[in-house]
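We did not get these values from a lab; they are worked out from the coordinates using the rules stated. Keep in mind the model is a prediction, meaning the values are calculated, not measured. Methodologically, a virtual Cβ is constructed for each residue, glycine included, from the backbone with ideal geometry; neighbour enumeration extends over all protein chains shown.
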Amino acid sequence: MATKVNRATAVGDAPASRHSPELLLGLYRMMVKCRMCDEKARILFKQGKYAGNFYSNVGQEGGEVGAAFSLREDDWVAPSHRDWTSCIVKGAPLKACFAQLYGKTDSPDRGKSTPAHMGYPELHIITPASTIAAQLMIGTGVAWGLKRQAKDSVVVSFCGDGATSIGWFHEALNFAGVHRLPMLYVVQNNLWAESVPLRLQTALTDLSDRAKGHGITGVSVDGNDILAVYDAATKAIARARAGQGPTVLECKTYRWYGHSEIDPAKYRMPEEVAEWKKKDPIPRFEKYLADRKLLSDQIKKQVRDEITREIDEAVEFAEKSPYPAPEEALEHIWA
Amino acid sequence: MARTITYIDAINEALHQEMERDSRVCILGEDLGMGGGVFKATAGLYQKFGEERVLDSPLAEGIIIAAAIGASLVGYRPVPEIQFADFIGDAVDPILQQAAKLRYRSAGGYSCPITIRVCWGGGTGGGLYHSQENTTWFAHEPGIRVLAPSTAYDAKGMLIAAIRDENPVLFFEHKKLYRTAKSEVPEEPYTVSLDEAAVRRPGRDMTVLTYGYMASVVMEAAEEMAKRGVDAEVVDLRTLAPLDKKTIVESVRKTNRCLIVHEDTKTLGIGAELSAILNEEAFDDLDAPIMRVTGPDVPPVPFSPPLEKFFMVDKEKVLAGMEKLAAY
């Protein structure tokens, strides 16, 4: 019997993809963009171009892009300190993202928050604090409001494995469970909470099991398999939009670098890091695409060249953007 | 038309009227829906507005406040309740790190118009964990109003003003005032300024700065002192953050003496800040050192009646403080 197959996938031995070439290439381009922006942010910090610190997401792009890629403009994102790139996925202009690093007036918060703590109100990205899991609680409150307004918007909130230990994670999940809120909690389990390994964080193997205790859905996926994340996230988001409640999505992944740019991460074995770098989500997805004749070296180069140009423009913009006047410290305290 | 009602009825009336006026107003907290609140501050609201707007929350102060913050970001004006100030610990991060700083950290991109009602204060036999005052934990933080009305009139007018205010607000209600404080309160909605202290009793000889339940204690003491020939001006702060420095300083410039009375423990209580402000802005006008009558530096409030009496500031302690200041 003839099978109608996706035009992208009728090649060699590779099984058919469920997704359109446009989507697949969109996901790929966004992962590369996040990687390149993040690496650029690290370089700029090391060059002393901006103060403060930066919390790299490199290695975790499968979760970051896979979870947020399908969001609509009216959906919300509640990021943590490690989710600067989630702003890029949600659509924030790169110029604003880099101005954020520099603490300039063209950053969304005019230099009030630290480089990686980026929000973007026009796109419903909630400016984060550093207190772990707070973003999950506030995101849950937003979801409560959205549900009461009978909107079908959803909230995606990111956190790490460490955040699942603190009480507020559980207060948020419990409340979301009671009210079946349109929430997707993305747990980027990168095995290390700053310098504390997972074995000292929890007795659990799968952090999605946290959901069971609150009567909500929990799913664990290979976070370095972007399509596994994308599929699980879009399913959870569809359920949330349909009023079927929240989901905890654990993405098993790895943080390539230290907790921050001033952390050499000597507490990790080099072998462990090397092993995980072999599982890099980007080459893995490149192979998936190449196997289906969707990606050539030429396209790869083209994608990188375009992003490089965009980044260069954004960095130049950020460097030219003025610093806030010192007295701006007095503004935005009271309505 | 005005009639005499209690402090708690004034609060209840304010909530009813604001919820009728503005469908964005909603309340959540422990036991306040079907139960009507442990002090009945929210009586009748659940029956009138339903679970959509009057929500019995899980027993978790953090999410009570955080849910309110989140809902405020999508247009609601939530009025969450912390049943006892003693239980606010779990909500300190949501209050101080989130609500108070959201506007600042987003450079005005987000604002957080929530009004957190908190029941506080000793003198009712509540013991160590149903008596505390922790207003100054929060008054220290820029970006959140801290209110502590002392009369039924102010309770209604300030609660309505707080709900309509764009800033996050902590609204401290002293449980001892709930049924003892009564005043003429208009039936119709009205607002009271959230930026001004109230001169409750004009006087020439000394200024007494106070707030909350202590305001009523100080008023009684001031009348007694008048009989003894000392004419005290009583300033009810009403708002602890931001402080109405103008009224405070002007009063002390006029009377040249200042006694600060608060129920809170002494060290780093609001009295310390008031004293520092007067030192900076009215030093040349002072004829005597600024004095304080406060709770002692012990965990508030020990339970056994003699212990609680030792802790609480009462009329006799205020009178002794006023006599000492007058004699200086």
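If you run the Gaussian network model on chain A, springs between alpha carbon atoms under 10 Å, then out of A:A265, A:A143, A:A325 the most flexible one is A:A325.
In whole Å, what is the distance between the alpha-carbon centres of region A:212-242 and region B:1-42? Rounded to whole Å, the Cα centres lie 41 Å apart. Inter-chain Cβ neighbour count for A:148-159, averaged per residue, equals 1 (cutoff 10 Å, partner chain atoms only). Counting Cβ atoms of other protein chains within 10 Å of each residue's Cβ and taking the mean over peptide A:328-335 gives 6. Quick one: helix B:7-21 against the long Cα principal axis of chain B, what's the angle to the nearest 10°, folded into 0 to 90? Value to nearest ten degrees: 40. Helix B:315-327 versus the longest principal axis of chain B: what angle, 0 to 90°, nearest 10, using Cα atoms? Here the helix axis deviates by roughly 40 degrees. If you take the beta carbon distance between B:E166 and A:R42 as r and set R0 to 35 Å, what does 1/(1 + (r/R0)^6) give as a FRET efficiency, to the nearest 0.05? The calculated FRET efficiency here is 0.35. Taking 0.36 nm per residue of sequence separation and removing the Cα-Cα distance, the B:Y328/B:D231 pair yields an extension gain of 33.4 nm. For region B:35-51, backbone phi angles converted through the Karplus equation (6.51, -1.76, 1.60; θ = phi - 60°) give residue-by-residue couplings of x, x, x, 5, 10, 6, 5, 10, 4, x, 6, 4, 5, 7, 10, x, 5 Hz, Gly and Pro being listed as x. Applying the Kirkwood pairwise sum to the alpha-carbon positions of chain B produces a hydrodynamic radius of 20.0 angstrom. Both radii are taken from the alpha-carbon atoms of chain A; with Rh as the Kirkwood radius, Rg/Rh is 0.97.
Computed over the Cα atoms of the protein assembly as shown, pair by distinct pair, the Kirkwood hydrodynamic radius stands at 27.1 angstrom. Taking B:G33, B:G212, B:G125 as the candidate residues, the one with maximal mean-square fluctuation in a Gaussian network model of chain B, Cα springs under 10 Å, is B:G125.
Descending by average beta-carbon neighbour count within 10 Å, the peptides A:104-116, A:287-299, A:151-163 line up as A:151-163, A:104-116, A:287-299, the highest first. Here's how it looks for B:C258: its modeled amide H is under 5 Å from those of B:T207, B:M291, which are all 5 or more places away or on a different chain. For the segment A:299-307, counting C-beta atoms of other chains within 10 Å of every residue's C-beta and taking the mean gives 0. Sorted ascending by nearby beta carbons within 10 Å, beginning with the fewest, A:E275, B:E173 become A:E275, B:E173. Of the residues A:H81, A:H124, the one with the fewest other Cβ atoms within 10 Å heads the list, and the complete ranking is A:H124, A:H81. Here the translational diffusion coefficient of region B:183-321 follows from Stokes-Einstein with Rh set to the Kirkwood radius across Cα pairs; for 4 °C and 1.567 mPa s it amounts to 83 µm²/s. Scanning residues 5 or more positions from A:V156 or on other chains, those with amide H under 5 Å from its amide H are A:W76, A:V77, A:A78, A:L184, with H placed 1.01 Å from N in the peptide plane.
For the residues B:P94, B:P289, B:P149, a GNM of chain B with alpha-carbon springs under 10 Å puts the largest fluctuation on B:P289.
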